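Every number in this text was worked out from the coordinates using simple rules, so none of it is lab data. This is a predicted model, so every value here is computed, not measured. Neighbour counts run over all protein chains shown; Cβ positions are idealised from the backbone, glycine included.
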Amino acid sequence: MTTSDVLGRLRRGAGHLRWFWNGVVGADAYERYVEHRHRTHPGEPVLSERAFWREHTDERDANPRMRCC
């Protein structure tokens with residue numbers, strides 16, 4: 001196995017880990033929202049990322065669910 005093979009495997013592993021972590025902490029929520037809007041509501045407007053996170057935060061504050069903090 002060459003050095004470039006090892007580095008390639010490490011990069012792929014890091015990419016998988018980043019994808020998993022973003023899903024766990026919800027960092028990919030906006031991207032999932034945009035994909036959903038384009039898939040299920042084509043041609044309709046999509047919230048800006050700032051407006052999405054404001055709405056997301058307001059919803060969580062208004063309807064708290066079990067969470068650590």
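So what's the net charge close to M1: Lys and Arg +1, Asp and Glu -1, counting the other residues with Cβ under 15 Å from its Cβ? Intermediate values should be presented prior to the final figure.
Values: positive: R9, R11, R12; negative: D5.
That works out to +2.
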> D28: net charge of surrounding residues, Cβ under 15 Å, Lys/Arg +1, Asp/Glu -1, itself excluded?
Replying inline: 0
>> Using the basic label-point model (7 angstrom from Cα toward the beta carbon), what is the R11 to E44 distance in nanometres?
In response: 3.9
> What percentages, rounded to whole numbers, describe P(r) for segment 19-69 computed over all alpha carbon pairs with 10 Å bin width beginning at zero?
Replying inline: 22, 46, 29, 3
